[in-house]
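So the structure is just underneath, and the comments pick up after that.
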Amino acid sequence: MLILRTASVISMRWPASFTVPVARSLVLAMMFARKAALSKREISCMRWVAEGKSSWEIGMILGVSENTLNFHVKNAMRKLGATSRIQAVAIAIRLNVL
C-alpha cells in the first residue's frame, strides 16, 4: 500500500497496482500540458512529417531549405519534449495539435 498525501495533509491508502499507473498518467499530463504552443510553421512542418515526407521533400513543398525545415522541426521537438520526429508527431497528435 502506498500513502498519497495532498497539500491539506489528507492521506488515502490505495493499492500500489492502482497508484503507479495513475501517478504516471498525472505526471505525463502535467508534462504535456505546458508544452503545446507551436508556431504555424512548426505545425505545418510537423503535419508533413506525420505524412512520412523527408526533410528534403517537405522543404520543396513549403519552399524553404532543408536546414530551415530541420530548424522548425527541432524547435517543435524541443517544445513537445520529444527526442525523435516520430515521437514528436505522436505527442502532437495526442495533444490535438495536429
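Here are some notes:
- For segment 68-85, residues that are open to solvent by 20 Å² or more (accessible area, probe 1.4 Å), under 17 Å from GLU57 (Cα atoms) and of a type outside the set (Phe, Trp, Tyr) total 5.
- Residue match in segment 15-33 (condition: at pLDDT 85 or above, assigned to a loop (DSSP other than H, G, I, E, B) and open to solvent by 50 Å² or more (accessible area, probe 1.4 Å)): no
- Qualifying residue in segment 66-85 (condition: over 12 Å from CYS45 (Cα atoms), outside any helix (DSSP H, G or I) and out of contact with any helix residue (DSSP H, G or I) (no Cβ under 8 Å at 6 or more places or on another chain)): no
The values are calculated or read from the model by the stated rules, or taken from the named source; none is laboratory data. What you are looking at is a predicted structure, and each value in this text was computed from that prediction instead of being measured. Neighbour counts run over all protein chains shown; Cβ positions are idealised from the backbone, glycine included. Side chains are part of the model used for accessible areas, which takes the heavy atoms of the whole protein and leaves out ligands, DNA and RNA. Shrake-Rupley method; radii C 1.70, N 1.55, O 1.52, S 1.80 Å.
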